[in-house]
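The values are calculated or read from the model by the stated rules, or taken from the named source; none is laboratory data. Everything quoted here is computed from the prediction, not taken from an experiment. Ideal geometry is used to build each Cβ from the backbone, glycine not excepted, and the neighbour counts take in all protein chains shown. Ligands, DNA and RNA are excluded from the accessible area calculation, which covers all protein heavy atoms including side chains. Shrake-Rupley method; radii C 1.70, N 1.55, O 1.52, S 1.80 Å.
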Amino acid sequence: MEPRLTELNDNEILLYLGHRGQEVPEDLVRQMEICKERVMKAARPRLVWRRVPYDGQKAENLLLPGEDIGKLLKTCREAVLFAATLGPEIDQITRKYEVVDAADALIMDACASAAIENVCNHFEEDLRREITGEGKYLTDRFSPGYGDLPLEIQKDLCRMLNASRRIGLTVSESMLMVPCKSVTAIIGIAEEPQDHRASGCEVCNLFRTCEFRKEGGTCHG
């Protein structure tokens, strides 16, 4: 399964920039377009994944402690472990612009965050299509550090995927991923349909004028 990176969602970039429903100035829109182009040109998306058995506590040999991941995978007998990265070029170009233009660096960081999410979403779509063909269902994806799933399992997850050799992704002693714009996650495979999280604000047509967001909230809780 090859990584896919498609056109970035402006609303998602604005979310990463802390947009709260205020008017978006034209100069910011133009700056975002320039920064998106730089990020898309620099990105070298790569991913690796494995389908493994799940016994209620472990995904193969990976212990998954915590109530949250247990609830997500409660009807699953298999899971998918995966990791994705945009590559070191994104870190390099962001560091360059931190010196040259701090505002551009900030916007590029938001664009890169939207880009790695884009890659992960496409992987999930492709995997869902494959699993649906087997008459099975996927859960939402869940990453180390979410809820009560310890961030510390990230090292073991990457080791199981051989992520360092296969996609150049490593985890530091302080649990930071290198390259920075990378994601690791677990997705359950179930025999019955699964509940899914509601779509985010970034897909809403009212995103830029939303009265809820101006107050720091959302219309879905």
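The Lys41 and Ala102 beta-carbon pair, evaluated with R₀ = 22 Å, returns a calculated FRET efficiency of approximately 0.60.
Near Met175, once Lys and Arg are set to +1 and Asp and Glu to -1 for all other residues with Cβ below 12 Å from its Cβ, the sum equals -2.
Classify region 1-73 from the C-alpha gyration tensor, please: rounded if a/c falls under 1.5, else prolate or oblate depending on whether a/b exceeds b/c. It is oblate, given that a/c is not under 1.5 and a/b is not larger than b/c.
When volume of the Cα convex hull per residue in Å³ is calculated for this entry, the matching label among (i) 135; (ii) 107; (iii) 178 is (i). On the accessible surface of the chain, probed at 1.4 Å, how many percent belong to carbon and sulfur atoms? Carbon and sulfur: 50 percent of the exposed surface of the chain. Number of Lys-Lys pairs in region 1-129 with C-alpha atoms under 17 Å apart and a separation of 8 or more places or on different chains: 4. Under the criterion of Cα pairs below 8 Å and six or more residues apart, the relative contact order for the chain equals 31 percent.
A 1.4 Å probe run over the chain, with the rest of the protein chains in place, finds 54 Å² accessible per residue. Compared with the alpha-carbon gap, the fully stretched path from Asn121 to Asp68 is longer by 17.0 nm at 0.36 nm per residue.
For region 1-122, the dipole from Cβ point charges (+1 on Lys and Arg, -1 on Asp and Glu) about the Cα centre works out to 640 debye, to the nearest 20. Relative to the current alpha-carbon distance between Arg95 and Gln194, full extension at 0.36 nm per residue lengthens the span by 31.6 nm. Extension gain, Gln57-Arg129: 0.36 nm per intervening residue step, less the Cα-Cα distance, totals 23.3 nm.
Let me have the 222 nm mean residue ellipticity of the chain computed from DSSP H runs of 4+ only, each contributing -39500 (n - 2.57), with the sum over all residues rounded to the nearest 500. One gets -13000 deg cm²/dmol as the mean residue ellipticity at 222 nm.
In order along region 26-37, the Karplus-derived 3J(HN,Hα) couplings, from 6.51 cos²θ - 1.76 cosθ + 1.60 at θ = phi - 60°, round to 4, 5, 5, 4, 5, 5, 4, 4, 5, 5, 4, 4 Hz, and Gly and Pro are given as x. Accessible surface comparison of Glu26, Glu2, Glu89, Glu124, probe 1.4 Å, protein chains only, largest first: the order is Glu2, Glu26, Glu89, Glu124. Quick one: check the C-alpha center-to-center distance for region 1-52 versus region 148-168, whole angstrom. Their Cα centres are 24 Å away from one another.
The listed residues Glu98, Glu60, once ranked by accessible area (1.4 Å probe) with the largest placed first, stand as Glu98, Glu60.
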